[in-house]
Amino acid sequence: MTATVHKTPRAEERTGPAGLPNPAPRPEGEIEALKHVWRAPKGLNFITVVNNTYVGLFYVGTAFLFFILAGILALIMRTQLAVPQADIVSQGTYNQLFTMHGTMMMFLFAVPAVEAMGVYLLPNMQAARDLPFPRLSAYAFWAYFFGGLAFFCSLLFQVAPDTGWFMYPPLTGTKYSPGINADFWLLGIGFIEISAIAGAIEIIVGVLKTRAPGMSLDKLPVYAWAMLVFAALIVFAFPAVILCTLLLEIERAFGWPFFIAEKGGSAMLWQHLFWFFGHPEVYIIFLPAAGMVSMMVPTIAQTPLVGYRLVVLAIVATGFFSFGVWVHHMFATGIPQLSLSFFSAASMAVSVPSGIQVFAWIATIANGRLQLTTPALFILGFLFIFTLGGLTGVMVGMVPFDWQVHDTYFVVAHFHYVLIGGMVFPLFAAFYYWTPLASRKPLSEKLGRWVFGLMFVGMNVTFFPMHLTGLIGMPRRVYTYPAGLGWDWLNMTSTIGAFMIAAGVALFLFDLVRRFRITEDNAGNIWNAGTLEWLPSGDYANRSIPRVTSREPLWDQPHLAADVEAGRYYLPNAPTGGRETIVTSPITAEPQYVVQMPGPSWATVLGAFFTAAFFILLTVKLVIPAIVCAVIAVGMVIWWLWDTDPGPAQATVDIGGGIRLPTYVTGPMSHSWWAMVVLLMVAGTLYACLLFSYLFLWTVSPDVWPKPDALPELPWPLLPAVLYAASSLAVVLASRSLRRVPAGGAGAAGVWPMRIALAAAIPLVVAAVATDLAAQSGTGLQPTESAYGAVVYMFVSLQGFYAVVLVLMGVFTLARSLAGKLDGVRRGTFDNTMLLWHFAVVQGLVGLAVTALFPRLVGG
Amino acid sequence: MRGARPGFLTKMLFLNAGLVLWAAHFGFVYGLTGVVCARGLGTAWPAAVPFVVAFATVVAAGLSLVVLFAAVLGRGPGIAGEPDPALRVFWRSVTGGVAVFGFVAIVWSGLPAVLIRPCA
Amino acid sequence: MMGRRVRPVLVCSMLAGWLAGCGESPTTDPEWRPSTGGAAARGRLVVERVGCGVCHVIPRVAGPRGTVGPSLAGFGSRTFVAGTLPNRPDVLADFVRDAPSLVPRTAMPPMPLDRDAARDVASFLHTLR
Amino acid sequence: MARSSIIDDVFSGLQSALAPAGPNASGIAELSWIMFAAAAVIFVVVMVFLAAAILLPPGRRGWLSGQGVVIAGGIVFPVVVLTALLVYGLALARTLVREDTPDTLRIHVIGEQFWWRVRYEREGEGDEIVTANEIHVPTGRPIRFLLTTRDVIHSFWIPSLAGKLDMIPGQTNGLTLAVERPGVYRGQCAEFCGGAHALMAFDVVAHAPADFAAWREAQLRRAVEPATPLLARGRELFLAAGCGACHAVRGTPATGSIGPDLTHVGSRRSIAAGSFPNNQGTLAGWIADSQHLKPSNRMPSFPVFSGEDLRAVAAYLESLK
């Protein structure tokens, strides 16, 4: 169906159909059945679609919409700053504008945009039929869509956040920000962070478990490596910001003084947690973009990437080092020199991998022959801008230099060079490069040159002068400035440049509206690329799933496209009668089983809508409607999950080439087990951040830590510990007896021991949390009295939250047992509940140990 | 996944060993100086800080070199016994490269200990 | 203190101004001719330097846009200064230096301007049409 | 009156990090210039490589196309350069943190929304001096600023003298610097601190040691007595309107400590934390309409005075030299 542009191979190059897994021609009606299974819903129901190609496009489109909106805010700011002491906007409005510009560009544009590209591209690049959790990606998208729009609308009512995108307390505490502006940020963004984590889990499992057979990690497209590391960064970085937004919102709502110095809290705690997220965030944005560049450069040079292994190494190293630079944003806070120096060293280290990638791209270009297409122009522009941004990045990594330029227009220039250069230019290159996958016509090459020219020149005219503006003293986040300090002409230049960028983007939009049409007969492989996303495809993705033997299969196996399209490769049909794809082993990508995947459902869209409604209503303090929405949202999620543990459709299915695979597995091989483990890594990181907060607050204010005699008496902490252990034991017993329940034998009397054990575990875990709470409040400790009280009750509250989730999951699991949907084989639901259960219990025990033992250790 | 052959987690850990060492070293030296300086643990402690940091640096850098040599010699999980030669070469070079990175970054983290006074 | 010292001078010049006003045109004395050239440009900078904008909205002047006193937009077309004095350059120059001496109940304090600066300011204000 | 040139703005700007007037800022400026030069060279080299990769005939760019260039350019070169830079930066950082010496002048600066409270520790038999938004210092003597905040985080920054340092609730940060030559150096809050953050500046006035002693002498004196009936009326109105609840004028019943000390307000170069010039006119405008001029600042507007009374209060304040 697609016009793939590759030369017809000579006969002897072809291994011949005999060597391929499935015979052709395929049986009558097979393709129709495949189409039927994967079709997108029609009419109004279309919005329930879950196929990654549609959700990915919605996702990219929405992210781009927020790019435009946040860009308009920037234009208003640049207009205000064009001349000294202008009054285009008021002080209050300006403060909302820069806060919203930063917040939206980071949380509503950059992260979602790269995640969206991942949702769109990854399955195609790996020749999977879809991501392993299609409903999760749809939910993540819709949650972001509704939440993001509601968040933006706060600006229209003049209640948008106005304290800067990094929301430093105490300015953001109730004392200095009494309105709901800050709450909009905390709840709105806290919620969008959760959506990002959902996407990251999807991407990790997708990259590691759903690849084309034979695509071992050494043949993984660089983009997939980048997305893997990207998702890992989200898993380890986002919990920190979720925790600090949670703490601040609790401080604002209930007066628990985490960040209030008079009560032993610390404004620096926020900065540590926020930047522990905030610096990896830069690489969360950059790595996927660099990954896209590593896909595009080989195509535009028509030669494989030089130094594939070095580039993978660079991506992995960037991921690690990005966690060693957070204090880099806190060089001016008075932290001792030696501590700062460690971060200075790490800032040097993190710049090396970028150098590797830049040289790998240059070498690739030298090795091939560059075609000066629009994507190529954007990539060259990226190399120019990003190299400059990287060099200023090394400068701000030097502590003394940073003391001068921190919080000035120099860093504004630096991070726009890094982010626009490192992310926006590659993204535009990607728009031009991959549009032929989605649209009947590619975008205009002629207009593309103008778009590039305006954006490139505009970008440099806007931001280059800002380096100087900052060095001669202009701080960031000022709505006005006096004349006579030499800033006037620099600012005027920057404003002119900003409008040039805007003109470029407007021209791009014009071209998009004119030429972008989503169809199944897309323009196809017009660049003669070598990777699998350019295989002919439909709603069902590829007709059959190829076996991969190299990194550029379309270049090395000239007949691949035709053979895939003829159904000669794996799984050319829908043997279970539903949506399915092949799950492979994480390193060598050998087929393990065929996963059955859920299709469209209103549960995802409505669940996302009501989740967003819950957060927004909570922000505007409509508590009762918020609770109603929360209950509906939970109901939707339960509805959605009810049919996602289908059990084996048939014992095994034949995917071709003599391979028979099971249709259902549980345990460490299953994709759902992997997803749960990744989720637990998120939860564990969150907990580690809370432990850090406890220790950090102690180092700052040991005087609010209690003397040992003010703690609960020693037998007290043992009681919840015993209850926790007992609940875990009950779950272990339930697991053992479930193993003895034969498949389909749910009606037999043998299922009752499992049900009883699980039912017993529920009150035990609730009792554990309750006794812990009773022990702490028994000493008269109040969460509002000091940072110590606040953080101790935070431990208990977090356990309370897990207890609520465990009750829900326990009851859900029991309900499935009663409905006959749980047995010794079909036990995925139970396994997930069990994993979370043990995790929460271990975490509870750690919390008990810390709160009971630490003050005794240090307070002698 | 399980059995005699090393599992996914072991292989991944070895692949990233150089940088895991860096992370551990980094966390240790930063945490140590942070607590010692924040709590003002006497004057004896800050004097000991450079020694402890230097010692930790030597240990961590040494271990990263061990990983590097293992990779060069074709030993270690994910390398030894890997039947696919391409994958073996990949695992070897990335493990070695990560170890080199870890080594450089560990040494860089250790440098301040000899140049900067603690807690000033 | 300042007011006391300069008052005789002001009264004299005011009288002169009045007399001139009775004649055909205030332009008989070339020194008082409204100017759009260098004097007005200098005047604008003086206005910015002493901070007239703290109390007045003044077109083309960078700085605060105060609402304590009247807006000076279109000032060059006004007939009166402070509602009582004829809007002539000489009067205006005296007024901006020491308003209370001309309009005792005014809220506008004397401003730290020498005679030349005051003339420049008046020239500038008369360019606001 | 002549328009200042670009070069002037950079090298002698009032608030320019590239116009250093003390050892801290000089050291950093030197580091900056070295890094700018190195970065420029590296940038040009990378771009030349890129251009060569595109433009050289295929036969003559083979040297650029292998893994070797990636290892040399991407690993070996950066590691060497960055090691050198790191050692240099650490050595410089070490010199910028100094201990107190006996002749160190200790000045407490307290950040407040949206102004600076300045307190000089007593020296010899003299009292401590309290002022606001203007810091007078002697040249050629170490000066230690002890930085705290009364509300949110602010950042104390005088680009010509030193890098910035934050003022953070619950902690005192110390910044030691020296000034080489007399002059006026402008500083500004560098950490967003709420509504009127943009209008939170201050001046550092550096004097030769003898002039500084004279300034100090003057500041130690109590407020001058009104010399004319107008000024006397101004003081009367000032006290009657309750200004003394927030402001202190030493030698009068006004002893408030919420807002700036006004004992010598007439001697300062500007009002409202570097926002407006200081004269009777701007003082009057500020009193009548401070909320419009600097929204969300802590001083309410006083639109209660008659025109003459407003002038009297403004004249009184201006007389407090």
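The values are calculated or read from the model by the stated rules, or taken from the named source; none is laboratory data. Because the structure is a prediction, the values reported are computed rather than measured. Note that we place each Cβ from the backbone using ideal geometry, even for glycine, and neighbour counts take in every protein chain shown.
Here are the criteria: (1) more than 14 Å from chain B (Cβ to nearest Cβ); (2) over 18 Å from the mean Cα position of the chain (by Cα). Tell me which single one A:Glu193 does not satisfy.
(2)
Please enumerate the residues belonging to segment D:11-40 that are more than 16 Å from D:Tyr88 (Cβ to Cβ), more than 7 Å from chain A (Cβ to nearest Cβ) and without any contact (Cβ under 8 Å) to a residue 60 or more places away in the chain.
D:Phe11, D:Ser12, D:Ala40
One line per residue, one yes/no per condition, for (1) assigned to a helix (DSSP H, G or I); (2) at pLDDT 95 or above:
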site	(1), (2)
D:Gly163	no, yes
D:Val179	no, yes
D:Tyr185	no, yes
D:Phe202	no, yes
D:Val205	no, yes
D:Asp211	yes, yes
D:Arg216	yes, no
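Among the numbered criteria (1) over 28 Å from A:Tyr479 (Cβ atoms); (2) free of Cβ contacts under 8 Å to residues at least 24 places away in the same chain, which one does C:Val61 miss?
(1)
How many of the residues in segment D:55-84 are at the interface with another protein chain (Cβ under 7 Å from one of its Cβ atoms) and in contact (Cβ under 8 Å) with a residue 40 or more places away in the chain?
Of the residues in that region, 0 qualify.
Under the condition of being surrounded by fewer than 18 Cβ atoms within 10 Å (Cβ to Cβ) and part of a loop (DSSP other than H, G, I, E, B), which residue from segment D:253-288 is nearest to the chain's Cα centre (by Cα)?
D:Arg269
Run down A:Leu372, A:Leu377 and say which single residue is more than 7 Å from every other protein chain (Cβ to nearest Cβ), more than 25 Å from the chain's Cα centre (by Cα), in a helix (DSSP H, G or I) and surrounded by fewer than 24 Cβ atoms within 10 Å (Cβ to Cβ).
Of the residues listed, the single one that is more than 7 Å from every other protein chain (Cβ to nearest Cβ), more than 25 Å from the chain's Cα centre (by Cα), in a helix (DSSP H, G or I) and surrounded by fewer than 24 Cβ atoms within 10 Å (Cβ to Cβ) is A:Leu377.
Could you grab the pairs with beta carbons closer than 6 Å, sequence gap of 6+ or different chains, first residue in segment A:431-451 and in a helix (DSSP H, G or I), second one buried (at least 16 other Cβ atoms within 10 Å of the Cβ) and acidic (Asp, Glu)?
A:Leu447/A:Asp511
On the given criteria, is A:Gly470 touching a residue at least 12 places away in the same chain (Cβ under 8 Å), in a helix (DSSP H, G or I), buried (at least 21 other Cβ atoms within 10 Å of the Cβ) and within 14 Å of chain D (Cβ to nearest Cβ)?
For A:Gly470, the condition - touching a residue at least 12 places away in the same chain (Cβ under 8 Å), in a helix (DSSP H, G or I), buried (at least 21 other Cβ atoms within 10 Å of the Cβ) and within 14 Å of chain D (Cβ to nearest Cβ) - is met.
Only one residue in A:Phe343, A:Phe331 is of a type outside the set (A, V, I, L, M) and not in a loop (DSSP other than H, G, I, E, B). Which one?
Being of a type outside the set (A, V, I, L, M) and not in a loop (DSSP other than H, G, I, E, B) holds for just one of A:Phe343, A:Phe331, which is A:Phe343.
Out of A:Gly102, A:Gly61, I need the residue that is surrounded by fewer than 21 Cβ atoms within 10 Å (Cβ to Cβ) and either touching a Cys at 6+ places or on another chain (Cβ under 9 Å) or within 14 Å of another protein chain (Cβ to nearest Cβ) (or both). Which one?
Going through A:Gly102, A:Gly61 in turn, just one is surrounded by fewer than 21 Cβ atoms within 10 Å (Cβ to Cβ) and either touching a Cys at 6+ places or on another chain (Cβ under 9 Å) or within 14 Å of another protein chain (Cβ to nearest Cβ) (or both): A:Gly102.
Would you check which residues across segment A:822-859 are basic (Lys, Arg) and in a loop (DSSP other than H, G, I, E, B) and list them?
A:Arg826, A:Arg827
State all residues of segment A:565-604 that are more than 14 Å from chain B (Cβ to nearest Cβ), small (Gly, Ala, Ser) and within 31 Å of the chain's Cα centre (by Cα); if no residue qualifies, say none.
A:Ala574, A:Gly578, A:Gly599, A:Ser601, A:Ala603
This table checks each residue for (1) at pLDDT below 95; (2) over 30 Å from A:Val700 (Cα atoms).
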residue	(1), (2)
B:Met1	yes, yes
B:Pro6	yes, yes
B:His25	no, no
B:Ala47	yes, no
B:Ala54	yes, no
B:Leu73	yes, yes
B:Gly78	yes, yes
B:Phe90	no, yes
B:Val94	no, yes
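Filter segment C:13-65 down to the residues that are surrounded by fewer than 17 Cβ atoms within 10 Å (Cβ to Cβ), hydrophobic (A, V, I, L, M, F, W, C) and at pLDDT below 50 and list them by number.
C:Leu15, C:Ala16, C:Trp18, C:Leu19, C:Cys22
Only one of these conditions is not met by D:Gly307: (1) surrounded by 23 or more Cβ atoms within 10 Å (Cβ to Cβ); (2) within 17 Å of D:Pro229 (Cα to Cα); (3) facing chain C (nearest Cβ under 9 Å). Which number is it?
Against the list (1) surrounded by 23 or more Cβ atoms within 10 Å (Cβ to Cβ); (2) within 17 Å of D:Pro229 (Cα to Cα); (3) facing chain C (nearest Cβ under 9 Å), D:Gly307 comes up short only on (1).
Any residue at all in segment A:301-324 that's among the polar types (S, T, N, Q) and more than 14 Å from A:Gly393 (Cβ to Cβ)?
yes
Got a sec? Which of D:Val118, D:Val109 is surrounded by 18 or more Cβ atoms within 10 Å (Cβ to Cβ), part of a strand (DSSP E or B), within 14 Å of chain A (Cβ to nearest Cβ) and within 22 Å of the chain's Cα centre (by Cα)?
The match here is D:Val109.
Within segment D:3-10, does at least one residue satisfy the condition of being in contact (Cβ under 8 Å) with a residue 60 or more places away in the chain and either facing another protein chain (nearest Cβ under 8 Å) or part of a helix (DSSP H, G or I) (or both)?
No; the residues of segment D:3-10 include none that is in contact (Cβ under 8 Å) with a residue 60 or more places away in the chain and either facing another protein chain (nearest Cβ under 8 Å) or part of a helix (DSSP H, G or I) (or both).
Just to be sure before I move on: is A:Gly389 more than 11 Å from chain D (Cβ to nearest Cβ) and in a helix (DSSP H, G or I) in the structure I sent?
No; evaluated as a whole, the condition is false for this residue.
State which residue is surrounded by the fewest Cβ atoms within 10 Å (Cβ to Cβ) when the search covers only segment A:119-156 and only residues that are under 30 Å from A:Cys629 (Cα atoms) and small (Gly, Ala, Ser).
A:Ala150
Any residue at all in segment A:518-528 that is in contact (Cβ under 8 Å) with a residue 40 or more places away in the chain and not in a loop (DSSP other than H, G, I, E, B)?
Yes, the conditions are met somewhere in segment A:518-528.
Just the residues that are free of Cβ contacts under 8 Å to residues at least 60 places away in the same chain and either over 16 Å from C:Gly53 (Cβ atoms) or in a loop (DSSP other than H, G, I, E, B) (or both), please, taken from segment D:292-301.
If the condition is that a residue be free of Cβ contacts under 8 Å to residues at least 60 places away in the same chain and either over 16 Å from C:Gly53 (Cβ atoms) or in a loop (DSSP other than H, G, I, E, B) (or both), then D:Met299, D:Pro300, D:Ser301 are the ones that fit.
Give segment A:214-229 a look and list any residue that's within 13 Å of chain B (Cβ to nearest Cβ) and of a type outside the set (Val, Ile, Thr), or say none.
Residues satisfying the conditions are A:Gly214, A:Met215, A:Ser216, A:Leu217, A:Asp218, A:Lys219, A:Leu220, A:Trp225, A:Leu228.
Can you name the condition, by its number, that A:Val312 falls short on among (1) facing another protein chain (nearest Cβ under 10 Å); (2) under 30 Å from A:Thr374 (Cα atoms); (3) out of contact with any Asp or Glu (no Cβ under 9 Å at 6 or more places or on another chain)?
(3)
Here are some residues: A:Val89, A:Val114. Which one is within 14 Å of chain C (Cβ to nearest Cβ) and either in contact with a helix residue (DSSP H, G or I) (Cβ under 6 Å, 6 or more places away or on another chain) or assigned to a helix (DSSP H, G or I) (or both)?
Answer to the check: A:Val89.
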